[in-house]
Amino acid sequence: MISLGKILKVRGNKGEVVFNPSPESDLSILKKGESVHLKSTKYQKNCRVEYLKEISGAFVVKFTNINTINEALKFVGYTVFGSLIAKKNVKKPDLVGFTVTDIHGRHWGEIVNVETTPLNKTLEIRDADDVLYVPFDDSIIKEIKKKERVVVIDPPEGLKELNE
């Protein structure tokens, strides 16, 4: 999860909030239907984005199921998190050459390509003579360590065999 920004205040009476984006965040992921995680020091809530608008230089977000000013007030001060995978700005050159290991430290190979289709992204991983294809999904991709150039995966049982 990556911090996308913080909820500063409510706007209007329909459950909209004013959002202060983090400098490194990619607001293009805050599209209708995207899942985000709202978190304070004590509480958490998963929500879906209904819309994001820029109004007079401020970013206004409406989440589904938050429809009144009173409901929105509960989330002032919360940080909004999005999945690293949901950051649609991962480009082919960013991950090519990264090493892939699973959560148990087993080496899977090196990323030689990131296939992108309208429906999904797939990592093409090469190890010796084998080529493996791993879905680029946050249920599988657990961490991207940019400094170490490592992608950590938690593959479902049988994924390697499925590639044979």
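All of the numbers you see were taken from the coordinates with simple rules; none came from a lab. Every value quoted in this text rests on a predicted model; they were computed, and no experiment measured them. Glycine gets a Cβ as well: all are built from the backbone with ideal geometry, and neighbour counts include every protein chain shown.
Structure notes:
- Shown here are the Rg and Dmax of the Cα trace of the range 2-82, at 11.1, 32 Å.
- Inter-part distance where the range 16-77 and the range 97-148 are each reduced to a Cα centre, Å: 31
- Entry note, the chain: the mean residue ellipticity at 222 nm calculated from DSSP H runs of n ≥ 4, each adding -39500 (n - 2.57), is -1500 deg cm²/dmol after division by the residues and rounding to the nearest 500.
- Square roots of five times the Cα gyration tensor eigenvalues for the range 92-162, Å: 15, 15, 13
- For the chain, the relative contact order is 18 percent, taking Cα pairs closer than 8 Å that sit 6 or more residues apart in sequence and dividing their mean separation by the residue count.
- Among 1-8, 105-112, sorting by the average number of other beta carbon atoms lying within 10 angstrom of each residue, highest first, gives 1-8, 105-112.
- Under 19 Å of direct C-alpha separation, and excluding same-chain neighbours fewer than eight residues apart, Lys53 reaches these aspartates and glutamates: Glu16, Glu24, Asp26, Glu34.
- Residues with amide H under 5 Å from that of Phe75, placed H, sequence gap 5 or more: none
- Chain lengthening between Lys9 and Val96 when straightened (0.36 nm per residue, less Cα-Cα): 27.3 nm
- Simple Cβ-charge dipole of the range 92-162, Lys/Arg +1 and Asp/Glu -1, about Cα centre, in debye nearest 20: 340
- Above-threshold pairs, the threshold being 29 Å between Cα atoms, out of Lys32/Lys121; Lys31/Lys145; Lys9/Lys121: Lys9/Lys121
- Rg(Cα)/(2.2 N^0.38 Å) for the chain, N = residue count: 1.22
- Net charge of neighbours whose Cβ lies under 13 Å from the Cβ of Lys45, counting Lys and Arg as +1 and Asp and Glu as -1: +3
- Residue order, fewest to most surrounding Cβ atoms within 10 angstrom, among His104, His37: His104, His37
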